[in-house]
Amino acid sequence: MSNAQTDVAAGAPNPESYTDNSDGTVTDNVTSLGWQQSVPTKTVTQAEALAYCASLSLAGHMDWRLPSYVELFSIVDPSTFNPSINGSVFPSTPADYSWTSTLHAGSSDYAWAVDFTSGDPLSIVVSSAKYVRCVR
């Protein structure tokens, strides 16, 4: 997981480091994951988010997918709020929930989402409409 500069100053490893690929994608230099830089403005259910990522063609790649909880949480910047993400790398990120592919243990009716207002996770009913950001 990447850490904000304030966390690194306090002794945490892995300062956040991103490369803007200038093609609508960002590479996380700590995890080597490729991220969709901007999210669609429309909110969707978790099933729609899974389908959207699976069909996304961006920057010459067709292997996009909905991130797991751990992957999406790795781009949270806890040193910022509303939204809790590096705004220069991920501009126009809504301060709201984004879906993950991780289902809540014991239930197929709930999945984890990350709230980019505060960076907090929450288990949400999969039929709710939330934002989506794809990863590869």
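The values are calculated or read from the model by the stated rules, or taken from the named source; none is laboratory data. Just so you know, these numbers come straight off a predicted model, no measurement behind them. Counting neighbours? That spans all protein chains shown, and the Cβs are built from the backbone with ideal geometry, glycine included.
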Can you name every residue in region 126-135 that is crowded, with 18+ Cβ neighbours inside 10 Å and assigned to a loop (DSSP other than H, G, I, E, B)?
VAL126, VAL132, ARG133, CYS134
Sort through SER92, SER88, SER98, SER84 and tell me the only one that's over 20 Å from GLY34 (Cβ atoms) and among the hydroxyl-bearing types (Ser, Thr, Tyr).
SER84
Given the condition modelled with pLDDT of 95 or more and hydrophobic (A, V, I, L, M, F, W, C), answer yes or no: does some residue in region 6-27 qualify?
yes
For region 79-91, state whether one or more residues are touching a helix residue (DSSP H, G or I) at 6+ places or on another chain (Cβ under 9 Å), touching a residue at least 24 places away in the same chain (Cβ under 8 Å) and crowded, with 21+ Cβ neighbours inside 10 Å.
no
Members of region 100-136 found to be farther than 19 Å from SER74 by Cα and at pLDDT below 95, listed by number
ALA105, GLY106, SER107, SER108
Are any of the residues in region 100-119 loosely packed, with under 15 Cβ neighbours inside 10 Å and within 14 Å of VAL132 (Cβ to Cβ)?
no
All but one of (1) at pLDDT below 95; (2) of a type outside the set (A, V, I, L, M); (3) surrounded by 18 or more Cβ atoms within 10 Å (Cβ to Cβ) hold for TYR69, so report the exception by its number.
(1)
Cβ-Cβ under 9 Å pairs, at least 6 apart or on other chains, region 18-41 side free of Cβ contacts under 8 Å to residues at least 24 places away in the same chain and under 28 Å from ALA129 (Cα atoms), far side of a type in the set (A, V, I, L, M, F, W, C) and part of a loop (DSSP other than H, G, I, E, B):
THR27/LEU33
Kindly provide the set of residues from region 110-125 that are hydroxyl-bearing (Ser, Thr, Tyr) and either part of a strand (DSSP E or B) or touching a strand residue (DSSP E or B) at 6+ places or on another chain (Cβ under 9 Å) (or both), ordered by number.
TYR110, THR117, SER123
